[in-house]
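Everything below concerns the one structure shown next.
The values are calculated or read from the model by the stated rules, or taken from the named source; none is laboratory data. Treat the numbers as computed from the prediction; the structure is a model and nothing was measured. Positions of Cβ are backbone-derived with ideal geometry, glycine not excepted, and every protein chain shown enters the neighbour counts. In case anyone asks, the SASA skips ligands and DNA or RNA and just uses the protein heavy atoms, side chains included. Shrake-Rupley method; radii C 1.70, N 1.55, O 1.52, S 1.80 Å.
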Number of protein chains: 2
Amino acid sequence: MTSIHIDGSACPLPLVEQSRVQLGHGSGGKLSAALLRSHFLPPLKNPYLEQLGDGAVVPVAGAEVVLSTDTFVVHPLEFPGGNIGTLAVHGTLNDVAMMGAVPMYLTAGFVLEEGLPLDLLDRIVGAMASAAATAGVPLVTGDTKVVERGRADGMYVNTTGLGILAGHSRPGPHQAEPGDDILVSGPIGRHGMAIMAVREGLEFESAIVSDTANLTPLVHALNHAAGSSIAVLRDPTRGGLASALNEIAQASRVGIAVEESLLPIPGEVRAACDILGLDPCYVANEGVLITVVRPSRREAALAALRSHPLGREACWIGRVVPDHPGYVVMRTVVGGSRVMDLLPGDQLPRIC
Amino acid sequence: MTSIHIDGSACPLPLVEQSRVQLGHGSGGKLSAALLRSHFLPPLKNPYLEQLGDGAVVPVAGAEVVLSTDTFVVHPLEFPGGNIGTLAVHGTLNDVAMMGAVPMYLTAGFVLEEGLPLDLLDRIVGAMASAAATAGVPLVTGDTKVVERGRADGMYVNTTGLGILAGHSRPGPHQAEPGDDILVSGPIGRHGMAIMAVREGLEFESAIVSDTANLTPLVHALNHAAGSSIAVLRDPTRGGLASALNEIAQASRVGIAVEESLLPIPGEVRAACDILGLDPCYVANEGVLITVVRPSRREAALAALRSHPLGREACWIGRVVPDHPGYVVMRTVVGGSRVMDLLPGDQLPRIC
């Protein structure tokens, strides 16, 4: 990869009204990070919260327990491949799994809008039940609130997951080292573009279907094949592949170099992105993981991913480098290089 | 208490549109119970969920862990005595404590409406931090989503709590026995009427202040004084004292007899209820607990409650009886008797 000049001041925060919450604060990009850093971390400061992973590792009865929480506000509530209920179960299971833990229990908190059709609620709760049963993780307690018409958008769902760390693998975004390989478990951009295609009324020969899936079997296979050689596990949801790689580069203070030609972007995702002027590297995924693995276990890790139906199209996309620490640089198909920065604001609101 | 005729068919579900979510589904009354029974429990069925307490007891690493989740949608976001943040911390801590567990960790999931003033957010997060620090329970992980203007009402907050059962006390709503005494830890109706007074613009000589508080020190004192003689612990939030007593009567298949003249209803709460046509027994509390205790430990339990500032006005309000199982009957100040039923629908929406 050719070296490129990186100017740290090139991508400042966008000029937005500074005194109110903006849609971009929920994007998973720079504004989200700024909100967290300025308005949540200082008052709530404690060593667990400062782990800043997909969840927290806390001691319980001598064990290492992982807690992770996520609220789902996806619009529309139903989309090809799933609904807000599927997403709420898979999303939190995956966050627990990305910490290296085995998910054990889920809780669910519902905000229902007055007027929500009960048959829609039934489909969503049914999908949650089915996703939880397939994963073997029971939903053990819940809560339901109702707000007046116009005070929500159908429904919102929070799920919180409890998992337990077993074995020696403790992946974390700060553990990437120069020389490590970067693998992705499958095609990117499908969840976000499935949502956008519905919202924008786009029609393709075959509909784009969300990839929402429980990734714990993939993590299990990876652990078996590469164990403590797995430095990082990440599910690139809000903000997509580019944001997840940026988080790793920043947390580990390393550079990341990826090859544009190797990124697994399905044709219909690329077509929809072209129509809407979006970059597939920033589009949310819900059934894909990235792993950063020590080079000696690269082939074993790839083989493990490919042995599972969810990872059949797993591939190598780049590596960790000592150059440009904190930055992700993509070698483009035409031979140039460009920085894949965090998005300043908002590409796709309410995708999860 | 005189015996009265109870006709089980007297209070059917109200006639409402059967195909959509109603505000009453969030009331904590009959419609809430029907929603849970018909739309959540059948698909999600598992032994943990069926415990139907304020949370679930689950095994983790050989310990008995309590998980409890609650979403807060109170309107307005700030009120005399607290804000949605105070409530979100205290509410979940109290639910964990009512299971007999010691709260250890909290998670928080935020839904923010575009346009929410950041200084209001700061006050709310600051109040959460302060409430969590006072309780000694860290908020270990969180999530923030942003929705467009008009898709929420400022903000909603989910909190999930993890606690650990220690000692031998395992209170539960199904454990009341005839002869047990019923104690309440303090004046009722203050939280709900503080909210309603703000909403309705009522002015009294002294403002009604929410009683929102962390009840774990009271539970600790009770455990120390009465241990396994504590049959039931309940914080009468949504649906108030009457709904909590009904849940106990139904879960334990016993009758409950309370004395109207002994109910601790502050003068300003009674006045506000009179103006608004509300019954204080159905108004939410956020810093009061009910306990059902074996008669031999009644005095010890009362003394323990009164030894703490939150329980200074604790009092005996009635007892568990073998008559009219499943029903709560109040002996009125004029010497009559009336059934305190679950509310069919909705008295006070969005009180927590």
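Of note:
- Any hit, the range B:111-120, residues being in contact with a helix residue (DSSP H, G or I) (Cβ under 6 Å, 6 or more places away or on another chain), more than 7 Å from chain A (Cβ to nearest Cβ) and touching a residue at least 40 places away in the same chain (Cβ under 8 Å): no
- Qualifying residue in the range A:22-31 (condition: touching a Leu at 6+ places or on another chain (Cβ under 9 Å) and at pLDDT 95 or above): no
- Matching residues, the range B:72-86, being open to solvent by less than 20 Å² (accessible area, probe 1.4 Å) and either closer than 27 Å to A:Ala61 by Cα or facing chain A (nearest Cβ under 9 Å) (or both): B:Phe72, B:Val73
- Scope the range B:271-308; condition assigned to a loop (DSSP other than H, G, I, E, B), out of contact with any Leu (no Cβ under 6 Å at 6 or more places or on another chain) and closer than 17 Å to B:Gln175 by Cα; matching residues: B:Arg294
- Of all residues making up the range A:15-31, the number that are at the interface with chain B (Cβ under 7 Å from one of its Cβ atoms) and touching a residue at least 60 places away in the same chain (Cβ under 8 Å): 3
- Note on the range B:49-71: residues that are over 14 Å from B:Gly172 (Cβ atoms) and within 8 Å of chain A (Cβ to nearest Cβ) total 11.
- When the test is whether a residue is of a type outside the set (A, V, I, L, M, F, W, C) and modelled with pLDDT of 95 or more, B:Gly277 does not pass it.
- Of the residues examined, A:Met104 is one that is open to solvent by 10 Å² or more (accessible area, probe 1.4 Å), facing another protein chain (nearest Cβ under 9 Å) and among the aliphatic types (A, V, I, L, M).
- Residue match in the range A:231-238 (condition: in the same structural domain as A:Val269 (by TED's automatic domain parsing), assigned to a helix (DSSP H, G or I) and at pLDDT 95 or above): no
- Considering residues of the range B:312-352 that are in contact with a Pro (Cβ under 9 Å, 6 or more places away or on another chain) and among the small types (Gly, Ala, Ser) only, the residue modelled with the lowest pLDDT: B:Gly345
- Restricting attention to the range A:186-216 and to residues that are open to solvent by 40 Å² or more (accessible area, probe 1.4 Å) and not hydrophobic (A, V, I, L, M, F, W, C), the residue that is modelled with the lowest pLDDT turns out to be A:Glu205.
- Where B:His168 falls short, out of the listed (1) open to solvent by less than 20 Å² (accessible area, probe 1.4 Å); (2) at pLDDT below 95: (1)
- Put simply, of B:Val21, B:Val89 the only residue that is buried (at least 24 other Cβ atoms within 10 Å of the Cβ) and over 16 Å from the mean Cα position of the chain (by Cα) is B:Val21.
- A single member of A:Ala131, A:Ala108, A:Ala88 is at pLDDT 95 or above, under 23 Å from B:Lys45 (Cβ atoms) and out of contact with any strand residue (DSSP E or B) (no Cβ under 7 Å at 6 or more places or on another chain), and it is A:Ala131.
- Every residue from the range B:136-165 that is more than 7 Å from every other protein chain (Cβ to nearest Cβ) and buried (at least 18 other Cβ atoms within 10 Å of the Cβ): B:Val137, B:Gly154, B:Met155, B:Val157, B:Thr159, B:Gly161, B:Gly163
- Residue match in the range A:214-227 (condition: part of a loop (DSSP other than H, G, I, E, B) and either closer than 24 Å to A:Pro325 by Cβ or not hydrophobic (A, V, I, L, M, F, W, C) (or both)): yes
- Only one entry in B:Leu289, B:Leu348, B:Leu262 is of a type in the set (A, V, I, L, M, F, W, C), in the same structural domain as B:Gly240 (by TED's automatic domain parsing) and crowded, with 16+ Cβ neighbours inside 10 Å, namely B:Leu289.
- Residues that are touching a Ser or Thr at 6+ places or on another chain (Cβ under 7 Å) and within 18 Å of A:Ile248 (Cα to Cα), drawn from the range A:287-310: A:Val288, A:Leu289, A:Val293, A:Arg294
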